[in-house]
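Please read the structure below before turning to the comments.
The values are calculated or read from the model by the stated rules, or taken from the named source; none is laboratory data. Bear in mind that the values here come from a model prediction, so they are computed numbers and not experimental data. Positions of Cβ are generated from backbone atoms using ideal geometry, with glycine treated the same way; all protein chains shown enter the neighbour counts. Each accessible area value is taken on the protein alone, full model and side chains, heavy atoms only, with ligands, DNA and RNA left out. Shrake-Rupley method; radii C 1.70, N 1.55, O 1.52, S 1.80 Å.
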Amino acid sequence: MEKPPRPDLIDFHGISMIHYFTDNWENIQNFQARPDDILIVTYPKAGTTWVSYILDLLYFSQTAPERQTSIPIYERVPFLEISIPVMPPGTELANNLSTSPRLIKTHLPIQFVPKSFWEQNCRIVYVARNAKDNAVSYFHFDRMNMAQPEPGDWNSFLQRFMEGKMVFGPWYDHVTGWWEKKQSHSKLLYLFFEDMVEDTGRELDRLCSFLGISPSAEEKEKVKRGVQFDNMKKNNMTNYSTIPVMDFKISPFMRKGKVGDWKNHFTVAQNEQFDEDYQKKMKNPTLRFRTEV
Ligand code: A3P
């Protein structure tokens with residue numbers, strides 16, 4: 001069977017997108033959230049799957065252990081805006097979820113989030129990752145995921161990252177938009193990938209206190225173990241091996257899971273150019289990222 005061509009970037013209300021995330025737009029915008037829904041938001045490749053799995057284990061590992069071995073994480077935590085031929089659209093998967101709370105993931109920049117999530121005052125967990133590692137991870141993801149635009153070589157990819165010509169738009173505006181929202185919206189928890197790598201247990205505690213849940217020390221320990229990089233990489237329900245559009249021979253979904261891998265990719269010149277451009281774009285001094293831990 002002939003493979004469908006890779007999608008092109010389109011300009012969608014000023015944000016670069018691909019049609020797989022805009023084809024179902026009316027249903028996305030009209031999506032009816034419930035007050036106990038938890039929305040997981042990230043720029044792509046910032047740790048979405050990691051935090052999705054943490055939340056799923058926190059809520060359901062005790063009450064529905066069979067989920068863990070039978071349903072892939074991308075079905076347990078539907079991707080709201082996706083609409084690709086190989087699976088039902090994200091809105092449909094979310095509407096059919098029988099769990100309470102429902103865990104729903106999105107990569108939408110803040111201005112695109114369906115209004116019912118605000119009306120219902122849902123809890124939102126945002127995860128941000130430093131721009132350099134985020135760009136590297138996105139590059140490898142675009143190489144192996146045939147449902148993403150062709151990445152080109154690393155240098156041209158990096159230039160486009162700086163220009164914001166990535167699916168879901170500029171990283172800079174995404175992380176800043178959600179950071180600024182957090183100042184006025186108390187039901188938004190802003191986590192950093194680097195903090196999670198540094199001390200998963202500490203971030204797990206922050207998450208639990210935000211969610212108002214108090215698992216036992218033993219339960220927390222089990223979650224911590226289950227979500228370790230090596231365990232998620234081995235686990236077919238969390239490593240995306242069941243998704244047909246990804247070619248793991250090019251690069252696995254669970255690739256490295258490290259802070260600082262950018263150093264293996266950026267040349268000295270690219271790093272200088274990137275830092276200079278970063279200073280111009282990132283104007284909010286309160287939002288600070290770590291590029292090493
Ligand atoms: P790398 O490509 O740098 O390895 P997303 O889920 O948003 O697509 O993010 C994927 C990135 O998160 C990948 O980064 C992946 O390896 C990393 N990741 C996923 N689970 C992780 C875990 N348990 N610990 C550390 N990193 C993890």
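Some points to look at:
- Per-residue [θ]222 nm for the chain (sum of -39500 (n - 2.57) over DSSP H runs n ≥ 4, rounded to 500): -11500 deg cm²/dmol
- Relative packing of peptides 131-141, 27-37 - highest average C-beta neighbours within 10 Å first: 131-141, 27-37
- For the chain, a crude dipole built from +1 on the beta carbon of Lys and Arg and -1 on the beta carbon of Asp and Glu, taken about the Cα centre, is about 460 debye to the nearest 20.
- Other-chain or far-sequence residues with amide H under 5 Å of Ile40's (modelled H): Ile104, Lys105, Thr106, Val125
- FRET efficiency, 1/(1 + (r/R0)^6) with R0 25 Å, evaluated for Asp153 and Glu272 via beta carbons: 0.85
- Largest GNM mean-square fluctuation among Ile40, Ile213, Ile73, using the chain with Cα springs under 10 Å: Ile213.
- Accessible surface of region 142-194, 1.4 Å probe: 47 percent of it comes from carbon and sulfur atoms.
- Amide H contacts of Phe12 (H built 1.01 Å from N, in plane; Pro and chain starts excluded): Met17 sit under 5 Å, all sequence-distant by 5 or more or on other chains.
- Cross-link pairs beyond the 23 Å C-alpha cut-off, checked among Lys45/Lys234; Lys181/Lys281; Lys234/Lys256; Lys45/Lys256; Lys182/Lys258; Lys105/Lys233: Lys182/Lys258
- Simple rule: put +1 on each Lys or Arg Cβ and -1 on each Asp or Glu Cβ in region 102-249, find the dipole, and look at Met144, Ser184, Asn121; the Cα lying farthest toward the positive end is Asn121.
- Surface composition of region 199-293: carbon plus sulfur atoms hold 50% of the accessible area, using a 1.4 angstrom probe and ignoring ligands, DNA and RNA.
- DSSP bridge orientation in region 10-281 - percent antiparallel, rounded to nearest 5: 20
- Inter-centroid distance (Cα atoms) of region 15-30 relative to region 218-276, Å: 26
- All aspartates and glutamates inside 13 Å of Lys3 as judged from Cα atoms, apart from same-chain residues fewer than 8 positions distant: Asp247
- Accessible surface, per residue, of region 10-281 when the full set of protein chains is kept, probe 1.4 Å, Å²: 42
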